[in-house]
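Engineer: Here you go, one structure.
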Protein chains: 2
Amino acid sequence: MAISMYQASIPQFTKMLTNLSKILKKGEEFASAKGLDSKVLVGGQIAPDMFPLTKQVQIACDLVKNGMARIAGVEPPTFEDNEITFADLQERIAKTITFALSLKPEQINGTEAKEIQFSIKEWSFEFVGEQYLLTWITPNFYFHITTAYDILRHQGVEIGKMDYLGS
Amino acid sequence: MAISMYQASIPQFTKMLTNLSKILKKGEEFASAKGLDSKVLVGGQIAPDMFPLTKQVQIACDLVKNGMARIAGVEPPTFEDNEITFADLQERIAKTITFALSLKPEQINGTEAKEIQFSIKEWSFEFVGEQYLLTWITPNFYFHITTAYDILRHQGVEIGKMDYLGS
């Protein structure tokens, strides 16, 4: 008995993306109720040299889309990173969930020892599948979901821990 | 081939706590270099009704300490939640790592279907082991580590994503 690669990833990642979608909806409703330009919230940051909400959502999506595609050995869809509204972000999350759920357990399971190599700018990374999932995708994914939450909380949006965790 | 309950928890959680320790050290050094009262950073918040840095660190530790003790079926050590300085927080993290590493793989493995029940205030929770680890401990743990990071970033501490992820 143990945890499969699929069970350790897709169900929880898609649940968290659904929670993120609901959190963003509350952000949009907050902006509307307060008569704020929603671009202020969408561009919100924790620090001037940290990514804004849009980029936090984009990266959270890409960790699932590109990360799970690498594990499955398939080509992920390409997104243009041109989201500027809450509606745009909702669409990106929905497309990411659709792609993630299109991956079958048999494409993900058994990849614990699969070699994964990729580069980001000048940095090269090498992992095996289990390590890539547990020490790269997972902490990065939760980082960007939490920071998106923190940005909206910082702006005054009335969300709580149960919105983050989901039911 | 699959991921063991131990492998999905203790090594990565203790690594992240070590990263948190280093991030807090950079926070303390920042306060010292700027001539700031370090209590300002330790009490830093993302929103007035969110927990300060101290509590974020306490909860991150408790998720590992209490969560993994529940999974292993042992009594966790009790901490008094009386940390007020960076040194206090470092001590709590160190004690948490020591406890986590005292749990043997054979105490954690095979608990995927183990029934876990607990209460927080008026809420009761019921999980099986795998679900408790993947949908409760893990997202909560990363939430509090990331929010601790975001609080320090918001205060201007020079930390980056690689400090969060560790090497």
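Engineer: Once you mark the GluC sites (Glu not before Pro) that are in a DSSP loop and have at most 16 other Cβ atoms within 10 Å, what is the longest gap between them in chain B?
Structural biologist: So the longest stretch without any such site is B:1-79.
Engineer: I'd like the carbon and sulfur percentage of the solvent accessible area for the stretch B:42-115, probe radius 1.4 Å, heavy atoms only, ligands and nucleic acids excluded.
Structural biologist: 54
Engineer: Moving on to the next point. Would you mind checking the tilt of helix A:53-72 against the longest principal axis of the Cα atoms of chain A, expressed as 0 to 90 degrees and rounded to 10?
Structural biologist: 10
Engineer: Right, next: Normalised by the number of residues in chain A, what is the relative contact order in percent for Cα pairs under 8 Å and 6+ residues apart?
Structural biologist: 36
Engineer: Still on this structure, I have one more. What whole number of Å gives the distance from the Cα centroid of the stretch B:1-79 to the Cα centroid of the stretch A:22-86?
Structural biologist: 26
Engineer: With a 1.4 Å probe and all protein chains left in place, how much accessible area per residue does the protein assembly as shown have, in Å²?
Structural biologist: I get 44 Å² per residue for this part.
Engineer: With all protein chains present and a 1.4 Å probe, how do B:Met68, B:Met162 order by accessible area, largest first?
Structural biologist: Of B:Met68, B:Met162, the descending order of accessible area is B:Met162, B:Met68.
Engineer: Where is the GNM fluctuation largest for chain B (alpha-carbon springs, 10 angstrom cutoff): B:Asp150, B:Asp37, B:Asp88?
Structural biologist: B:Asp37
Engineer: Per-residue Cβ counts within 10 Å, from other chains only, averaged over B:148-157: what number is that?
Structural biologist: Across the residues of B:148-157, the mean count of other-chain Cβ atoms within 10 Å is 4.
Engineer: Turning to a different aspect of this structure: Computed on protein heavy atoms with a 1.4 Å probe, what is the summed buried accessible area for the chain pair B and A, in Å² to the nearest 100?
Structural biologist: It comes to approximately 3300 Å² buried between B and A.
Engineer: Give the accessible area for B:Arg153 in Å² (nearest 10); use a 1.4 Å probe, count only protein heavy atoms, and leave out ligands, DNA and RNA.
Structural biologist: The accessible area of B:Arg153 comes to roughly 30 Å².
Engineer: Note every residue of the stretch A:1-31 with a reduction of at least 20 square angstrom in accessible area, all protein chains present versus the isolated chain, computed with a 1.4 Å probe, or write none.
Structural biologist: Residues meeting the cut-off: A:Met1, A:Ala2, A:Ile3, A:Gln7, A:Ala8, A:Gln12.
The values are calculated or read from the model by the stated rules, or taken from the named source; none is laboratory data. Being a predicted model, the structure only gives us computed values, none of them experimental. Virtual Cβ from ideal backbone geometry, glycine too; neighbours counted across all protein chains shown. These area figures cover heavy atoms from the full protein model, side chains too; ligands, DNA and RNA do not enter into them. Shrake-Rupley method; radii C 1.70, N 1.55, O 1.52, S 1.80 Å.
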